[in-house]
Amino acid sequence: MPSGNKHPYPFLITLGTLGCLGLLSLFNNSFSVAGHTLRPLDVLADLRAVEAAPADSVVVAAVPDSAAGSLERPVDYTSYTGILNYGYNNGRQGAGLKNFIDALRALRAGHRKKVRIAYFGDSMIEGDLITQDLRDSLQANFGGKGVGYVPATSVVSGFRTTIAHSFSEDWMDYHFKNTPPPGTELGISGHVFVPAPQSWVRYQPVRRKRLNEFNEVSLLYGRGSGDVSINRRPIKLQGQKGINAYTFVTDSTERAITLRFNSEGAAPFYGACFESSNGVFLDNYSFRGISGIELGKLSRRVWQDMQAVRPYDLIVLHYGANVLFLPENTRFDWYEKPMVKVVDSLRRMFPETSILIVGTADKAYKKKGRYITAPGVKALMKIQHSFAESRGMAYWNLFSAMGGEGAMARWVEGDTALANRDYTHFNFRGASRIGALLYKAIMDEYEDGQM
């Protein structure tokens, strides 16, 4: 039996093995088994010089050179904080943001009286959050008074500060999450309200600049007829279309408007809109707990009837919080395909209306004792940017605008809290800041075209 010191053997065996592996690493050693290609062996990978990624591997968008939609300066869309305007570029025929910017210019020049925005979202904009600040800034710059659309009833009427709103408890509210009776169609808010005899709703202005009095009021109602009193003055509603408007100018001596529905089987009611004779008006269409794909449930006729009585120059789609209910999930096929159908449908129906996709905000979740950005955020952001770019729409990266990676945790835990402890929703201060950021992004587009 051999004897002697064998301590060098393990060292020599290890050295020989590493030598063989190193030699194999110099050649293409990948091979396939049962149709699956195995990753090549390369033990020297960490010692090799890192090659720069080829230019075409970098995910880029482009900075719009003007509001007309000329995209010339490439940027990483994941970090750009301005609006990417993809309309009328590279063969795309979407309206981008151009038509909306043109409408603002025409308003400023006195060539038109009103510019309207329909802002759709989930609980992020509930209670007029974000939208109230964007509306106020636009009205301060371009003119206009009034809060825009307000539904018949609302679960956040006591929370909203831009109008005082009360109502009787006998309204029937049909919406995205229940089934309206045959012949009763949801409005674009996702609701339709059916009054009982003597149902009432009361709207009162608040003591805030541009919201402290009513001027023009439009009642939106459905097909049918009904007797309604406006501050005890009787009127007859006669609706021939899916959505109809009865517009009147208020008496300056009256501080509030009370509507009372006085007949059985009255026409369905959608809400009231409050405006002045000219300016910018923004309608908040919030619906708690949805992802945006629910807009696909609305009929083409309802959209077109609404556009006939209340035409919009800009449609904003702001969703994401309810898509990220599983923070580590990064697969959103269930969302992407139906949401693409929604935006395609809107683009076909309203080719002259600008459409702005607001990308998801940051959402944080707790992992290993601290709150970090959910992996799903960037995956969702990529999808939202993709359908905005491919369909000639405009895109605003809210995630990047609020600070990018880890922003929500900073907004919650900072010395001045800007978001709630659910690490998802902004508080009043944070929502005000988001409204200001979006206003700035819009005005950068507007002013670029002036230079």
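Please work out how many pairs of lysine residues in segment 95-248 are eight or more positions apart (or on different chains) and have Cα atoms closer than 23 angstrom. Could you put the intermediate results ahead of the total?
Working: K98/K113; K98/K114; K113/K145; K113/K209; K114/K145; K114/K209; K145/K209.
Taking the Cα cut-off of 23 Å, the pair count is 7.
Using the Kirkwood radius built from alpha carbon pairs, what does the Stokes-Einstein equation give as D for segment 188-339 at 10 °C and 1.306 mPa s, in µm² per second? Estimated diffusion coefficient is 90 µm²/s. Label segment 342-395 by shape, choosing from rounded, prolate and oblate, from the square roots a ≥ b ≥ c of the eigenvalues of the Cα gyration tensor; if a/c is under 1.5 it is rounded, and otherwise prolate applies when a/b is larger than b/c, oblate when it is not. Verdict is prolate for segment 342-395. H385 sits with roughly 10 Å² accessible to a 1.4 Å probe, with DNA, RNA and ligands left out of the calculation. For segment 220-256, backbone nitrogen atoms closer than 16 Å to the point 7 Å from S263 Cα along Cα-to-C-beta are found at 221-230, 233-241, 244-246.
Across segment 357-451, C-alpha contacts under 8 Å between residues 6 or more apart give a mean separation that, scaled by the residue count, equals a relative contact order of 26 percent. Spacing of the modelled spin labels on F325 and D173, each 7 Å from Cα toward Cβ, amounts to 1.9 nm.
Counting other C-beta atoms within 10 Å, and keeping those with at most 12, which DSSP coil trypsin sites (Lys or Arg not before Pro) do you find in segment 124-214? Kindly include the intermediate steps, with their values, before the conclusion.
On the way: sites: R135, K145, R160, K177, R202, R207, R208, K209, R210; in loops: K145, R160, K177, R207, R208, K209, R210.
In loop regions of segment 124-214 (DSSP not H, G, I, E or B), the sparsely surrounded trypsin sites (Lys or Arg not before Pro) are K177, R207, K209.
Annotation: lysines with alpha-carbon distance below 26 angstrom to K378 (same-chain offsets under eight excluded): K337, K341, K363, K366, K367, K368, K440.
Counting other Cβ atoms within 10 Å, keep those with at most 11, restrict to DSSP loop, and tell me which GluC sites (Glu not before Pro) in segment 96-201 are left.
Numbers: sites: E126, E169, E185; in loops: E169, E185.
Hits after loop and neighbour filter: E169.
Treating r as the C-beta distance of D415 and K368 and R0 as 30 Å, the FRET efficiency rounds to 0.75.
Seen through its C-alpha gyration tensor, with square-root eigenvalues sorted a ≥ b ≥ c, segment 372-451 comes out oblate because a/c lies at 1.5 or above while a/b is not bigger than b/c. Sorted largest first by accessible area at a 1.4 angstrom probe radius, with every protein chain in place, the residues E445, E254, E352, E294 fall in the order E352, E254, E294, E445.
The values are calculated or read from the model by the stated rules, or taken from the named source; none is laboratory data. A quick note: this is a predicted structure, and the numbers were derived from the prediction, not measured. For neighbour counting, all protein chains shown are included, and Cβ atoms are generated from backbone atoms with ideal geometry for every residue, glycine included. Side chains are part of the model used for accessible areas, which takes the heavy atoms of the whole protein and leaves out ligands, DNA and RNA. Shrake-Rupley method; radii C 1.70, N 1.55, O 1.52, S 1.80 Å.
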